[in-house]
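Report on the structure given below.
What follows draws every value from the coordinates through simple rules; no lab data is involved. Keep in mind that this is a model prediction, so the values were computed, not measured. Ideal geometry is used to build each Cβ from the backbone, glycine not excepted, and the neighbour counts take in all protein chains shown.
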Amino acid sequence: MDSQINKKYNYWHWRTLIILMIGYALFYFVRKNFSIAMPALESELGFSKTQLGIFLTLNGVIYGVSRLLNGFLSDKIKNKKGLMALGLLLSALVNIAIGFIPSVNAFFNVLDAEGKATMGFIYLMGSLWLINGLLQGMGYPPCSSLMAHWIKPSELATKQSIWNASHSLGAGALGFLIAFILGHFSNAAWQWCFWVPAILAIMGAALIFFGIKNTPQEVGLPSVHELDTANKKEQPEQKINMSAEAEARVSKRCLKEMVLANPVIWLISIADFFVYIIRFTILDWGSTILVQFKGMAPARAASTIGAMEIVGGILGCIVAGWLTDHFFKGRAQRTSAIFTLLATVCLALFWVAPKSDWLSIVLIVLSAFFIYGPQALLGIACSNQATKYGAASANGICGIFAYLAPIVSGVVFGAITEHTGSWNLVFLLSISMGIIGTLVLAALWRRPGDGYAKVDKIIAEVKSELGEE
């Protein structure tokens, strides 16, 4: 391969990867701030656990639906970066509006005489958080599509796992930010848990829009599939020339055969539902569990969530991606099965361990380390199985299964805890679902790592039908 092409590709694909990491981390700033600030909202505004669980569930379900719709949209539109930047900007504006809810008390009764939230406050915040879930669904699908266009298939597990650290960087940095806000200004400063992240997110939207390109072709480079094929064969890349009609037919067939009629995509999606129950149990309720079940101080609990994300999450993603590419030949389902089982074991140990701040920190960090492996890899598996022609659509399907999980981890777990006064049943259910998820992933053990061989066959058949040999 021409060294100048290789050098140019390396510059642009790393630039794209880094900006996408920053951008998606900032999506988390204006999505997971609610979860980390929940103890403050409960204390300052009088929200019940059931109400908080309903917020988490509605936001998660609408986010999953939005990811599905935006997944299909991302595979069809050319301006993927514009979709992502717009979603982040609008989400930031919704967060700013949430912080101003108490200001409308003169016009609409959102606070009672004691300064606690009325049902009006709850309905207003719930509506805004529902809208935020809709807008948040504009983040992941463009990312998965952009990475499928910019990262070679043979490197996707490692590189996208590095990108997936943006989840943990975002949630972790946010945890420390909110710990600082609440630790220095008390729970009364809950509004700044929405305003400060929103300001940073607006800056991130500008970075995404002006900092990256949608495809390598926009900067004069071949497609990543062509580059990857050239590297493997150690010969100059062969252009895959297709007419517009052939391209349209290939895209349509790939959507049907590589996504909608592909049983691997559906089994990965089912497994992701169980993986996300564990993930959300740790992430959404982690701060509350540490405070109320393990007796940890609120500021330390928020900092622990930050450490859990940054130390456990980032390392878990990177190690899982590296193992997938170097030991399992791109078969992300194998790494995911092993890591899901280990995450379930760590969660069980966290449940039964005696109350000790440091022991709790170690076990919850280990739980995050292992659960963020499959959380990253299952999206990568969808991208590789569906290829660049259907990566966002496949991730949209996987996403809606994943974000049905808040129905269980949100309102169901919240209601169970409120009515039983105990977290024991929550832990038992989470562990059971972790075991089921492991078994589903194990059923995919022998499947190939990607679907590009089948795509090459589809391209050849379409070109033959149209006489473009």
Fill in: Calculated FRET value between Phe180 and Asn79, using beta carbons and R₀ = 41 Å, to 0.05
0.65
Item to complete: Would you work out if segment 307-349 is rounded, prolate or oblate? Take a ≥ b ≥ c from the square roots of the eigenvalues of the alpha-carbon gyration tensor; rounded if a/c is under 1.5, else prolate when a/b is larger than b/c, oblate otherwise.
Response: oblate
Worksheet entry | Globularity ratio of the chain, using Cα Rg and 2.2 N^0.38 Å | 0.98
Response to the item:
With a Förster distance of 35 angstrom and the Cβ-Cβ distance between Ile18 and Ser43, calculated FRET efficiency to the nearest 0.05 equals 0.35
Discussion item. Once R0 is set to 25 Å, what does the formula 1/(1 + (r/R0)^6) return for the Cβ-Cβ distance between Asn10 and Trp445, expressed as a FRET efficiency to the nearest 0.05?
Written reply: 0.15
Fill in: Sequence-distant lysines (8 or more away, or on other chains) whose Cα lies within less than 30 Å of Lys32
Lys49, Lys76, Lys78, Lys80, Lys81, Lys116, Lys159, Lys213, Lys294, Lys355, Lys388
Worksheet item: Given 0.36 nm per residue, what is the gain on full extension from Leu200 to Leu260 after removing their alpha carbon distance, in nm?
Response: 17.9 nm
Worksheet, complete the sentence: Ranked from fewest to most other Cβ atoms within 10 Å of their own Cβ, Lys457, Lys32 fall in the order Lys457, Lys32
Item to complete: Give me the number: length gained by fully extending Ser127 to Ser103, i.e. 0.36 nm times residue separation minus the C-alpha to C-alpha distance, one decimal in nm.
Response: 7.0 nm
Fill in: Size of charge dipole - the chain - debye, nearest 20, with Cβ of Lys, Arg +1 and Asp, Glu -1, no other charges
520
Discussion item. Per q in 0.10, 0.14, 0.17, 0.20 Å⁻¹, report the Debye log10 I(q)/I(0) for segment 177-334, using one uniform scatterer on each alpha carbon and no solvent.
Written reply: -0.71, -1.12, -1.26, -1.34
Worksheet item: What is the local net charge at Arg446, summed over the other residues whose Cβ is closer than 15 Å to its Cβ (Lys, Arg +1; Asp, Glu -1)?
Response: +3
Worksheet item: Of Tyr123, Met308, Leu207, whose Cα points farthest to the positive end of the dipole of segment 3-465 (charges on the beta-carbon: +1 Lys, Arg; -1 Asp, Glu; origin at the Cα centre)?
Response: Leu207
Worksheet item: Given Cα pairs under 8 Å that are at least 6 residues apart, what percent is the relative contact order of the chain?
Response: 27
Worksheet item: Which of the peptides 388-394, 188-194, 42-48 is most tightly packed, and how do the rest follow, going by the mean number of other Cβ atoms within 10 Å of each residue?
Response: 388-394, 188-194, 42-48
Item to complete: Give, in nm to one decimal, the length gained when the segment between Ser422 and Leu466 is fully stretched (0.36 nm per residue of separation minus the Cα-Cα distance).
Response: 9.3 nm
Worksheet item: What list of ³J(HN,Hα) values in whole Hz, one per residue of segment 150-156 in order, does the Karplus curve 6.51 cos²θ - 1.76 cosθ + 1.60 (θ = phi - 60°) give from phi, with Gly and Pro shown as x?
Response: 9, 10, 4, x, 5, 10, 5
Worksheet item: By per-residue mean of other Cβ atoms within 10 Å, what is the highest-first order of 276-287, 406-417?
Response: 276-287, 406-417
